[in-house]
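Peer 1: Quick one: the structure is below, and I'll ask about it shortly.
The values are calculated or read from the model by the stated rules, or taken from the named source; none is laboratory data. Keep in mind that what you see is a predicted model, and the values were worked out from it rather than measured. No Cβ is skipped: glycine too gets one built from the backbone with ideal geometry, and neighbour counts run over all protein chains shown. Areas reflect the complete protein model, heavy atoms only, side chains present, ligands, DNA and RNA absent. Shrake-Rupley method; radii C 1.70, N 1.55, O 1.52, S 1.80 Å.
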Amino acid sequence: MNNLVEATRGDHRSDGRFVLLVVDDDESVGAALVAQLADHRVRGHHFAHAAEALLAAGALQPDAAVVAAGLATMSCTELVRLLARRAGIPTVVGVGDEDGGVAAAALKAGATACVRCPYQPEEMLPILRAIRPEISGALDPPIELGGLRVDPATFEVSLHGRTMALPLKEFRLLYFFMSHAERTVTREQLLAAVWGGISDDTSNTLTVHIKRLRRRLALDGDRAPMIVTVRGLGYRFVPAQATATPSTS
């Protein structure tokens, strides 16, 4: 459990991270969630005791809270009421197979959603993104491959130490490619990820954006990563250290 003084020391919003309060009297479960979400720029603070969590909520002013359904130190429903209704903190309840009644009561008391416990980041992150959609991209971790680094929290891109300025669509396209490095991705996947779907205009737009992105990446010559055309299927992103001489036509 985080010490209350340590958790509330300093300006925890200076780095723009999502601040999350985790209230679970199972030390291992709560601490594991904090550790897992740290990779996604979520600054979590775990408390096993509801009273400490309430004190910390006032000091931290978290973006959201996660409360275990089976709390021993306070009724989950009461804590949800205090956090969500009284303090205005969006609250998610962690439930097990036997917690259906608690889940229903917590939702009635003001909970935003319920998730399965033990917690899974892939289930938690979409909820957190929905709570603060304006910083949803910041919950994705930076990626670095072959000297190329992209950071969705700051929209910064660098290639072998050289800063690159990319328009938003090209940045999102590059991040998707790097997230699927060495795998063939279809045009449909790219259009869905970057433009939200396919229309009469977006197919040609994708081709134009990929050409522009290739030109930017090619400035480093032999050390440049490559976006390879896989004919009839889509594209494949090849990091610099793995580049050979495939056609990019």
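Peer 1: Name every residue in the range 181-220 that is of a type in the set (Ser, Thr, Tyr), open to solvent by 40 Å² or more (accessible area, probe 1.4 Å) and either modelled with pLDDT under 85 or in contact with a Pro (Cβ under 6 Å, 6 or more places away or on another chain) (or both), in order of residue number.
Peer 2: Within the range 181-220, 199, 203 meet the criteria.
Peer 1: Could you grab me the full set of residues in the range 221-244 that are outside any loop (DSSP other than H, G, I, E, B) and at pLDDT below 85? Spell out how you get there, then give the answer.
Peer 2: First pass over the range 221-244, keeping only residues outside any loop (DSSP other than H, G, I, E, B): 221-223, 226-230, 234-238, 240-242.
Correct list: 221, 222, 223, 240, 241, 242.
Peer 1: Could you check the range 22-129 for helices (runs of 4 or more DSSP H) lying wholly inside it with 1 or more residues that are touching a strand residue (DSSP E or B) at 6+ places or on another chain (Cβ under 8 Å) and farther than 28 Å from residue 140 by Cα? Before the answer, list the steps.
Peer 2: On the way: elements: 27-38, 50-60, 76-80, 100-109.
Output list reads 50-60, 76-80, 100-109.
Peer 1: May I ask you to list pairs of residues, at least six apart or on different chains, whose Cβ atoms are under 6 Å apart, with the first in the range 57-86 being open to solvent by 40 Å² or more (accessible area, probe 1.4 Å) and the second being assigned to a loop (DSSP other than H, G, I, E, B)?
Peer 2: Pairs that qualify, where the first residue is open to solvent by 40 Å² or more (accessible area, probe 1.4 Å) and the partner is assigned to a loop (DSSP other than H, G, I, E, B), are 59/8; 72/25; 73/49; 85/110.
Peer 1: Give just the number: which of (1) assigned to a strand (DSSP E or B); (2) out of contact with any helix residue (DSSP H, G or I) (no Cβ under 8 Å at 6 or more places or on another chain); (3) crowded, with 16+ Cβ neighbours inside 10 Å does residue 163 not satisfy?
Peer 2: For residue 163, the exception is condition (3).
Peer 1: Taking the stated definitions as given, is residue 156 surrounded by 15 or more Cβ atoms within 10 Å (Cβ to Cβ) and among the charged types (D, E, K, R)?
Peer 2: Numbers: surrounded by 15 or more Cβ atoms within 10 Å (Cβ to Cβ): yes; among the charged types (D, E, K, R): yes.
Criteria met by residue 156.
Peer 1: With respect to residue 92, determine if the residue is buried (at least 23 other Cβ atoms within 10 Å of the Cβ) and either free of Cβ contacts under 8 Å to residues at least 60 places away in the same chain or within 21 Å of residue 33 (Cα to Cα) (or both). Can you show your working first?
Peer 2: Details: buried (at least 23 other Cβ atoms within 10 Å of the Cβ): yes; either free of Cβ contacts under 8 Å to residues at least 60 places away in the same chain or within 21 Å of residue 33 (Cα to Cα) (or both): yes.
So residue 92 fits the description; yes.
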